[in-house]
Amino acid sequence: MPVHLFKIKTLYILSFLLWITISGVSFSQIKLVSWNVENLGQSKSEQEIKFIAQTLKNYDVVALQEVVAGYGGIQAVAKLADELNRTGSKWDYEISEPTSSSAYKTERYAFLWKTAAVKKIGTAWLEQTYALEIDREPFYSTFEYKNKSFTVVNFHAITKKRQPETEIKYFKFLPALYSDLNLIFVGDFNCPQSNSVFNPLKKIGYVPLLIDQKTTLKKQVKHGEYLASEFDNMFYAPKVTKINGGVLRFYEHFCSLAEARKVSDHIPIWMEFSFN
């Protein structure tokens, strides 16, 4: 290579590296996905488990709601982890104990994560402080990424008819209760982020990932619309820098909504993020 071309190439590389340093650009972020998988248990076929794994394989941390509390739930998550391990990355998982609700439908939560992408810190736990006020208490798990930790608060609210606002209102106390943790609230809230019950979280800096984005499937397509309600979301604190995010329209891979709903009546939501 001529000397002058070598100098030009070297100058270009140095300038590029300087730009990266000044701008704080990072080429590696965390990809978090949350999905209400609707009764994940023995009713899910082997093909449906494989489809779920293919849908989730490109993410680093997975938060699942509606894992069956009785027979079949734990086994289905184990099968899902096994399928994910066949996609080219090593995955691990943890499943909650059944939620303590006696007045409503008890269930389990689950986390799955790529071991090469994040390190799990300690044991996940069901938050018991407001167990009497919240039917299905949230499931916490802390992960470490590049020496910075974040805690995913995995939650499934009671149905819209039962007024989920009556339990979501206690979430405003959780950041202070866990002031040493970087909380990210995820899951199926059964009400939209525009509901005033989220205002206290927003006032202390929490931002919704999705705005005016429906996340549940209709039973039948109406006027070209496949989605029904704006229920699933993530709320992240100022320490988190959102890079990208959205929904996964998995139903587009099926011939009908009826077939897609055998997998779930919710679509996954995802966020790619780093830290300030």
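Coordinate-derived values only; no laboratory data. Treat the numbers as computed from the prediction; the structure is a model and nothing was measured. Don't worry about glycine lacking a Cβ; one is built from the backbone with ideal geometry, like all the others, and counts go over all protein chains shown.
For 232, 92, what's the fewest-to-most ordering of other Cβ within 10 Å of each Cβ? Before the final figure, lay out the partial values.
Details: 232 27, 92 14.
Neighbour counts put them in this order, fewest first: 92, 232.
Per-residue Karplus couplings for region 256-262, computed as 6.51 cos²θ - 1.76 cosθ + 1.60 with θ equal to phi - 60°, are listed in order as 8, 5, 4, 5, 4, 5, 5 Hz, Gly and Pro entered as x. Two tests apply to each whole DSSP H helix in the chain, Cα reach of 27 Å or more along its axis and mean Kyte-Doolittle hydropathy of at least 0.5, and the ones passing both are 3-23.
Straight-line cross-link reach from residue 172 at under 18 Å between alpha-carbon atoms covers these lysines, not counting any fewer than eight positions away in the same chain: 202, 203, 239.
Going through [x] 18.3; [y] 20.7; [z] 14.7, the figure that equals mean projected area of the Cα convex hull in nm² as computed for the structure here is [x].
Which value at 222 nm does the chain reach when only helices count, each DSSP H run of 4 or more adding -39,500 (n - 2.57), with the total divided by all residues and rounded to the nearest 500 deg cm²/dmol? Kindly include the intermediate steps, with their values, before the conclusion.
Numbers: 7 runs with 62 residues, N = 276.
That comes out to -6500 deg cm²/dmol.
Ordering 189, 250, 211 by Cα displacement along the dipole of region 27-275 toward the positive end leaves 211 in first place; charges were set at the Cβ atoms of Lys, Arg (+1) and Asp, Glu (-1).
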